[in-house]
Structure formats: structure tokens, C-alpha cells
Amino acid sequence: MRQGTDEKAQEFIQTHFPAYEPWMQSFFKPEMQHEKMLFGLQALLGILLLTYCLRRLNHSKRKGIP
Amino acid sequence: MHIMEGYLPFKHAAVWTLLSGVVIQGALRSARKEVSTDRQTLLKLGAAIGFCFLLSSLKLPSVAGSSSHPTGIGLGTFLLGASLMPLVGFITLLFQAVLLAHGGLSTLGANAFALSIFGPLVVRSVHSLLHKLHLPTSLSVVVATTIGGMAVYACTSLQLALAFHETSEGVLAAWYRFLLIFAPTQAPLAVVESILTLICLKALGRTNKEPDYATRY
């Protein structure tokens, strides 16, 4: 799997500023498998919300609501 | 574009959080006022959040050998203007910080500033300029969204450079080094995002009239 740019930036800081210690950690870190599912959930929520709102906006336009 | 949890020194994180917090609060007040007078604002907000959720969940491989995701700020900026976008970005970033450990609560302010304040302002300003120059609407949408997407990453790079630079090299040199990490991956994705934004605007018939944001910034 290709490395993400976020991780690349993180790696850059770790390499060039080894003295820096992150002062806060994520409270919840999903495992790879769950992370994929959660990203899928985010995409699904996005599609549902987007299509619903676009349809309602188009419907309003057809009815002549500005 | 996420700065990971804890990867900004405390003072930097606090300043960005304060700055973004004030702007997000202002956006919330404006949104409440607008929704009470125009119910369509709620639908536009929903569409903008949906688009941002969808696009920022797509981790795509890019030509530079690494992966990233589009920002998803284009559609919302064209429908709502830059002034309401801080709400859209904040909701998306909070979801990712809490549930996905992408970004973080300590860096939420900095990430929100880049994604939902600076990016939309650039999209809005570039589009206004191109609109005044009477460029075809489709072209101005694509160009403004592409530049806005890149601006988000330029802002993130600057935030990191301000926090992490050698005294000998200075902030500008560090900014350039962080830009080199993000820009080659993000440029093609910004173009993809601009085309998706245009498709959505066309589906709404928004490309053959004045932009929705014409009455506000």
C-alpha cells in the first residue's frame, strides 16, 4: 500500500527533529481492518447526505423555489 | 492534509485552536441566522458536508508514489460562500479525529484553519476574480477549486514549517521542504476534485447563473 502524505510529514518530523515528543496521543486508534470499514462508513454517509440534499435542491428548483 | 495528533507544539496548537474557534463560532451564528430565513441553506449545508465527507474518505494513490485524499471544499464554497465553510470542515475533521485517528483533537484547530477557513477563502477569491474577467463558468470553477485545494496543503505546510524549522535554515526553507512532501501528490488530486465539483454544480444547474454566494463572502 502506498504511503500517505500525512505519514510522510510525520516521518519527516521524526527524522529531522528526533527530540520532539508528541504531547498528545489519539484516544482511539482503530485497527487497519476497522479503519477501512470506518472510512467506508464515512463515504457512505457522505454519498447518502449528498444525493439526498442535491435531489431536494433540484426538486425545489423545479417547483420554482429560488 | 491532517497534521497528526500531538504533532504541533502546545503553543502553536493553542493559537490555531483559538483562531479557528472564533471563526467557527461566527460561522455557526451566521448559519443559524441564514437557516431561519432561507430553508435551502440547510440543504446546501447538508450537500457541502456530504461532499466533504465523501471526498475526504477517498484515499487515492497519486503519481508521486504516495497517497492522499481530495479536500472536498469546492462544492460547499460555491453553494454557501467561504463564511459558512468553517462549519463544514469542522464537522468533517471532528469525525475523522475522533473515529479514525486521522488528524487529532490537539491539531483540530490548525487543520480546520487550513481546510475550512483558508482553502474556501482562496476558492472564493480566485473564482470571484475569474468571474470578473468573464471566463467561462466551468473553467473558473475548475481553476478556482484546483488552486483552493493546493492552498489547503500550502497552509498545512506553513503551519508545520512555523513549528519545525532549523534556526539556520529559516521558516521559508522549511516551508519549501514540507511543500515538497505534499504538492506532488496533491496536485493531480486537486484537479480530480475540481472536476467532481463541476459535475455536482452542473447537476444542480448552478453553472449557468450567478454563483450562490454572490450575496455574501
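Looking across segment B:142-168 at every residue that is within 15 Å of the chain's Cα centre (by Cα), among the aliphatic types (A, V, I, L, M) and buried (at least 24 other Cβ atoms within 10 Å of the Cβ), the one that is farthest from B:ALA183 (Cα to Cα) is identified as B:ALA144. Do we have A:TYR52 as facing another protein chain (nearest Cβ under 8 Å), outside any helix (DSSP H, G or I), free of Cβ contacts under 8 Å to residues at least 24 places away in the same chain and not charged (D, E, K, R) here? Spelling it out, it is not the case that A:TYR52 is facing another protein chain (nearest Cβ under 8 Å), outside any helix (DSSP H, G or I), free of Cβ contacts under 8 Å to residues at least 24 places away in the same chain and not charged (D, E, K, R). Only one of the listed residues (B:ALA82, B:ALA27) is in contact with a Leu (Cβ under 6 Å, 6 or more places away or on another chain), away from chain A (no Cβ under 11 Å) and part of a loop (DSSP other than H, G, I, E, B). That residue is B:ALA82.
Checked against the criterion of being farther than 26 Å from B:ILE199 by Cα and out of contact with any Gly (no Cβ under 8 Å at 6 or more places or on another chain), the candidates B:VAL142, B:VAL98 yield just one match: B:VAL98. The listed residues are A:LEU44, A:LEU38, and the only one of them that is within 7 Å of chain B (Cβ to nearest Cβ), outside any loop (DSSP other than H, G, I, E, B) and surrounded by 13 or more Cβ atoms within 10 Å (Cβ to Cβ) turns out to be A:LEU38. In segment A:19-35, the residue that is farthest from B:LEU60 (Cα to Cα) out of those that are surrounded by fewer than 14 Cβ atoms within 10 Å (Cβ to Cβ) and among the charged types (D, E, K, R) is A:GLU21. Candidates in segment A:1-15 are the residues that are within 7 Å of another protein chain (Cβ to nearest Cβ) and assigned to a helix (DSSP H, G or I); of these, the one that is surrounded by the most Cβ atoms within 10 Å (Cβ to Cβ) is A:THR5.
Just so you know, all these numbers are worked out from the coordinates, no wet-lab data involved. Source: prediction; values computed, not measured. Neighbour counts are summed over all protein chains in view; Cβ atoms, including those assigned to glycine, are modelled from backbone coordinates with ideal geometry.
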